[in-house]
Amino acid sequence: MKALTIKRMLLLLVILTGCSDSNENPGNDPMDDDLAGPISRPTSGYGADGINQVEEVNFPNPLYDGTEVSIFYPSKITSGKPTVFFSHPYGGENKNFNKGLFEFIAKKGFVVVFVPYPTLSVSIEDRYNTLWAGFTKAAKDYPNLIDTTRVGFMGHSFGGGASIGLAYKAFTENGWGKSGRFLFTMAPWYSFQITPEQLANFPTNTQMITQVYDQDVVNDSRMAIDIFKSISIEANEKDFVYIRSSTVDGYTYLTDHVLPNTRSAYDALDYYGIYRLLDALMDYSFNHNAAARDVALGNGSVAQITMPSYNGKAMAPLEVTDAPSPQYQQGKYEFRCDSIINPRIDRCN
């Protein structure tokens with residue numbers, strides 16, 4: 001979702017219609033890669049690019065004519081690998097908008113599935129069903145690429161809210177993730193197709209990272225806080241991450257609603273704020289590497305929160321807690337927690 005007036009109006013119209021139906025790189029060298037801003041990507045440790053070449057396979061989207069489901073995977077694999085099922089934000093059906101993220105996952109030796117869902121003239125349920133149909137068809141038709149015993153569900157905005165119910169369904173009905181499972185949600189919108197009872201009985205062998213962004217004016221952080229507090233994942237297996245903007249050497253690392261996004265500001269925030277934690281979470285959840293936990297779910301450890309610097313100026317550290325609280329009044333946000341659209345409106349105190 002872009003914070004543009006016309007798109008906001010279209011978004012609200014369509015949603016209402018639908019309802020009615022670590023090793024840190026100190027970053028003291030000049031930029032030597034394709035990232036915007038003065039700070040380069042990490043060269044080692046979690047968040048550094050992997051060594052694998054990336055390949056891609058596409059097939060017709062089963063519930064969205066004229067589009068394709070995309071699978072990004074490490075080249076030359078001979079058996080299924082742990083897989084991330086990504087749910088994109090509203091209007092983000094072009095895979096290139098987050099291709100940097102997809103290629104990062106595949107370079108690290110894992111697989112990621114991207115399913116476009118329609119923006120206009122469909123219900124929220126239709127969008128969830130499109131994601132589910134694409135994910136399950138990918139898993140069924142490509143067992144040589146996808147290992148459903150180790151899976152993560154990751155989503156941004158509308159997709160962040162959707163990831164909760166989709167993951168619960170995959171974990172409990174399909175038995176996915178028996179050997180490793182996680183959730184990674186970013187600036188999530190409202191969550192449908194998940195009941196209070198299901199949240200209270202969410203598989204406890206799940207790890208979870210929830211992120212919200214300080215300059216986001218689209219989605220009320222109370223939605224993320226509600227799910228984080230309500231889901232029955234142990235406190236030491238989940239972290240709530242708050243990311244603030246920084247200005248370094250005249251460049252602003254902006255934590256607005258479109259973070260992360262290869263299309264707009266592809267910079268050190270993507271790598272250090274998101275990819276680094278995801279990298280460690282995949283290693284911890286999929287490979288059971290205990291050392292990765294300090295970066296992924298460190299509960300505010302130095303390794304987790306430290307961000308890079310340039311010429312002595314550091315980016316704002318990550319803020320991590322197990323007891324998040326709102327930073328702003330609901331009036332800041334386009335989509336408030338107490339909106340009648342929200343199926344969990346009673347949780348918006």
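Looking at this structure, is MET186 touching a Gly at 6+ places or on another chain (Cβ under 6 Å) and closer than 20 Å to THR83 by Cα? So MET186 fits the description; yes. Entry remark, the stretch 35-67: residues being closer than 17 Å to GLY109 by Cβ, open to solvent by 40 Å² or more (accessible area, probe 1.4 Å) and of a type in the set (A, V, I, L, M) number 2 in total. Residue count for the stretch 281-314 satisfying the condition of being over 16 Å from VAL151 (Cα atoms) and open to solvent by 10 Å² or more (accessible area, probe 1.4 Å): 19.
Restricting the stretch 315-349 to residues that are part of a loop (DSSP other than H, G, I, E, B) and charged (D, E, K, R) leaves a set whose member that is least open to solvent (accessible area, probe 1.4 Å) is ARG344. No other residue among SER87, SER70, SER75 is surrounded by fewer than 17 Cβ atoms within 10 Å (Cβ to Cβ), small (Gly, Ala, Ser) and at pLDDT 95 or above apart from SER75. Mind checking which residues of the stretch 146-170 are open to solvent by less than 10 Å² (accessible area, probe 1.4 Å) and within 23 Å of ALA235 (Cβ to Cβ)? Hits for the stretch 146-170 are VAL151, GLY152, PHE153, MET154, GLY155, GLY160, GLY161, SER163, ILE164, GLY165, ALA167.
When LYS81, LYS107, LYS99 are screened for being closer than 17 Å to MET186 by Cα and open to solvent by 40 Å² or more (accessible area, probe 1.4 Å), only LYS99 passes. Residues that are within 20 Å of MET282 (Cβ to Cβ), over 17 Å from the mean Cα position of the chain (by Cα) and not aliphatic (A, V, I, L, M) do occur in the stretch 81-102, at least one of them. Does any residue of the stretch 258-273 turn out to be exposed (fewer than 15 other Cβ atoms within 10 Å of the Cβ), over 19 Å from VAL218 (Cα atoms) and of a type in the set (Ser, Thr, Tyr)? No, every residue in the stretch 258-273 fails to be exposed (fewer than 15 other Cβ atoms within 10 Å of the Cβ), over 19 Å from VAL218 (Cα atoms) and of a type in the set (Ser, Thr, Tyr). Residue-level check: of (1) at pLDDT 95 or above; (2) of a type outside the set (A, V, I, L, M); (3) open to solvent by less than 30 Å² (accessible area, probe 1.4 Å); (4) closer than 22 Å to VAL212 by Cβ, GLY92 misses just (1).
Selection of the stretch 188-229 for residues being farther than 23 Å from GLY175 by Cβ, surrounded by fewer than 20 Cβ atoms within 10 Å (Cβ to Cβ) and either in contact with an Asp or Glu (Cβ under 6 Å, 6 or more places away or on another chain) or modelled with pLDDT under 95 (or both) yields only GLN215. The set of residues in the stretch 136-146 being within 18 Å of GLU55 (Cα to Cα) and not polar (S, T, N, Q) consists of ALA138, ALA139, ASP141, TYR142, PRO143, LEU145, ILE146.
For the stretch 230-245, the tally of residues that are touching a Lys or Arg at 6+ places or on another chain (Cβ under 8 Å) and part of a helix (DSSP H, G or I) stands at 1.
The values are calculated or read from the model by the stated rules, or taken from the named source; none is laboratory data. Predicted, not measured: the structure shown is a model, and the values here were computed from it. When we count neighbours, we look across all protein chains shown, and the Cβ atoms used for this are built from the backbone with ideal geometry, even at glycine. Quick note on the areas: whole protein, heavy atoms, side chains included, nothing else; ligands and nucleic acids left out. Shrake-Rupley method; radii C 1.70, N 1.55, O 1.52, S 1.80 Å.
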